[in-house]
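Below you'll find the structure, written out as structure tokens, and then a few comments.
The values are calculated or read from the model by the stated rules, or taken from the named source; none is laboratory data. Because the structure is predicted, anything quoted here is derived from the model rather than measured. For neighbour counting, all protein chains shown are included, and Cβ atoms are generated from backbone atoms with ideal geometry for every residue, glycine included.
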Amino acid sequence: MSEYTFLRGSKDWWRQAVVYQIYPRSFADHNGDGIGDLKGIIGKVDYLASLSIDAVWLSPFYPSDLADGGYDVADYRDVDPRIGTLDEFDQLVEKLHSKGIRVFVDIVPNHSSDRHVWFQEALRSPRGSKERARYIFRDGRGEAFELPPSDLSSHFGPEGWTRVPDGQWYMHLFTKEQPDFDWSNREVHDEFLKTLKFWSDRGVDGFRIDVAHALVKQLEPLPTRSSYSLEVMKDDGTDQLFDRDEVHEIYREWRALFNQYDPPRVAVAEAWVHPHRRPAYATTDGLGQAFNFDLLTSAWESAAFQKVIDDNLAFAEQTGSSTTWVMSNHDVIRHATRLVIPAGKEGVTFDAENHWYVNHRLDGDLDLAKGLARAKAATLLMLALPGSSYLYQGEELGLPDVTDIPSEQMQDPQWFRGEGKFKSRDGCRVPLPWSASGPSFGFGPGGSHLPQPQWYSRYAVEVQDGIQGSTLELYRAALSMRRTLIQGETLSWLPSPVGTLWFEREGGWSSITNFTDQEIELPTGELLIASEDISAGKLPANSTVWLKLS
Ligand code: NOJ
Ligand code: CA
């Protein structure tokens, strides 16, 4: 039994797991209404198993009015009828488990949808009522309370306060359809414990926690903020809105619940905090693991990648956790496109004003062949690293981002907030192509809720399945080989030419990446896998190779 196989069967299965993110509305549509659904996913479980992944993470599938792609949850313990039923959810979990694939669901505890029964009750109840106390309702300023209670902007704003018919205002860090909960209210704690128990009892193995650093807020005096940048976020646990030390009390309570299960339920925090504050979210008495998005925001440069890797392995060591790696997700430009966006026109930059990753509009032609080469090289490098890797649906096909969705078909609030200045996140949420032709390229028997470009056919699963040299087969081979190779959780750097990175893992295998546009000499060793065709002992430009060392 390989060390990895042993790990997979243990309570530490998550430490070096590969988790595949499914954005349910865009994965597979069973009934042809253009919206992906649980039955669609059930029909693709064999495909998921063929990838040798350890778990899937389902982005929100809960009832939602879709003000923010489902991150506006109207009922935390149900399935959106457009996506399926709880029975189908149980079937999906059972089928995935039968293939050895574990399941993460997304928990969105900072805010609900304005359609949530609690918020509806709050609207019907008077100021000062216990129903309003679950959210952050305040009187406005000005003679007639006509001004917001404080000068606060929101991520998808512009305003961070919205007025209700009786004149009070409620606070929201995201869209106005996403009112923030008041976590100083015990009822809110109990409600989320109930939700976590509900899904854990249904066999869910893990949770991805949305904006995990925002729950606890200091509301006296009310926060004023026009920017959410890390520059203005305090890094000592006393910021008014984010990353307050008290937030960890919540997660300690969650951990106590998770540990009542066998194996204990796991969790990964999405927390945009100062890097040195990240380990606090990954402690064994807390959520256990925290996302790092540092590779996703790195330039395609060996030195930048090396620093990110060293820093994050060190952070993980501080807490006894393992780190996470991400190249693509539902919020950013797919890495096959992002990695060739010219400098100065970065696809994803940290927007200092809004503390948010922004996808810039892409103008002009991009060298997508190079983008694909870099994406495959980056993925192969990532899969060789200690820690767990998160893949985003469609990256195994080498899918580029869709950069030309007509604005009238956009759905993302980020697009509307930016008034067209920022590229919408819809470009990475376009439904997957399963076949080269037919309605919605095999996504389903009907249409597609976001328009698919004609060139999608070239990337279809059907076109790549079983074809040597395809991106899909590269992912499959790397993922299954990884299971036989992984031992230990450390790496050591090996000397390599400028513009390359070479590291060795326990067990005598190594990964070397060429970040440059020129081929270089390939070190000697037994070739295990390569992201490009290898000839005459050369490591091609923008490629990664795994080598067994003698
Ligand atoms: C992070 C999610 O990934 C993103 O899609 C969402 O818009 C925000 N949190 C708000 O819930
Ligand atoms: Ca459907």
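If the condition is being more than 14 Å from ligand 2 (Cβ to nearest atom) and in contact with a strand residue (DSSP E or B) (Cβ under 7 Å, 6 or more places away or on another chain), then segment 71-93 contributes D72, V73, A74, V93. For the criterion of being within 21 Å of A477 (Cα to Cα) and either within 15 Å of ligand 2 (Cβ to nearest atom) or more than 21 Å from the chain's Cα centre (by Cα) (or both), D46 passes.
Residues are listed down the side, and each one gets a yes or a no for (1) exposed (fewer than 15 other Cβ atoms within 10 Å of the Cβ); (2) of a type in the set (F, W, Y); (3) within 16 Å of ligand 2 (Cβ to nearest atom):
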position: V105; (1), (2), (3): no, no, no
position: G142; (1), (2), (3): yes, no, no
position: W161; (1), (2), (3): no, yes, no
position: F174; (1), (2), (3): no, yes, no
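Here P60 fits the description: surrounded by 15 or more Cβ atoms within 10 Å (Cβ to Cβ), assigned to a loop (DSSP other than H, G, I, E, B) and within 16 Å of ligand 2 (Cβ to nearest atom).
Note on segment 247-265: residues that are part of a loop (DSSP other than H, G, I, E, B) and in contact with a Phe, Trp or Tyr (Cβ under 9 Å, 6 or more places away or on another chain) amount to 3. Does R82 qualify as being within 16 Å of ligand 1 (Cβ to nearest atom), in a loop (DSSP other than H, G, I, E, B) and farther than 30 Å from S10 by Cβ? In short, no.
Okay, residues lined up against (1) without any contact (Cβ under 8 Å) to a residue 12 or more places away in the chain; (2) assigned to a loop (DSSP other than H, G, I, E, B); (3) within 25 Å of V216 (Cα to Cα):
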residue	(1), (2), (3)
K95	no, no, no
V105	no, no, yes
S113	no, yes, yes
A122	no, no, yes
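Do the conditions hold for F156, that is, is it within 16 Å of ligand 2 (Cβ to nearest atom), in contact (Cβ under 8 Å) with a residue 12 or more places away in the chain and either among the acidic types (D, E) or in contact with a helix residue (DSSP H, G or I) (Cβ under 8 Å, 6 or more places away or on another chain) (or both)? No: the conditions fail for F156. Residue pairs whose Cβ atoms lie under 7 Å apart, separated by 6 or more positions or on different chains, with the first residue in segment 524-550 and farther than 21 Å from M382 by Cβ and the second among the acidic types (D, E) and not in a strand (DSSP E or B), are K538/E519. Entry remark, segment 22-56: residues being outside any loop (DSSP other than H, G, I, E, B), touching a residue at least 60 places away in the same chain (Cβ under 8 Å) and in contact with an Asp or Glu (Cβ under 7 Å, 6 or more places away or on another chain) number 2 in total. Out of everything in segment 1-15 that is of a type in the set (A, V, I, L, M, F, W, C) and modelled with pLDDT of 95 or more, what residue ends up being surrounded by the fewest Cβ atoms within 10 Å (Cβ to Cβ)? The selected residue is W13.
Okay, residues lined up against (1) surrounded by fewer than 23 Cβ atoms within 10 Å (Cβ to Cβ); (2) of a type in the set (F, W, Y); (3) within 16 Å of ligand 2 (Cβ to nearest atom); (4) within 22 Å of the chain's Cα centre (by Cα):
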| residue | (1), (2), (3), (4) |
| --- | --- |
| D114 | no, no, no, no |
| R138 | yes, no, no, no |
| P148 | yes, no, no, no |
| Q168 | yes, no, no, no |
| S184 | yes, no, no, no |
| E187 | yes, no, no, no |
| W199 | yes, yes, no, yes |
| R202 | yes, no, no, no |
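Residue-level analysis places A28 outside the set of residues that are within 16 Å of ligand 1 (Cβ to nearest atom), under 30 Å from N110 (Cα atoms) and touching a helix residue (DSSP H, G or I) at 6+ places or on another chain (Cβ under 8 Å).
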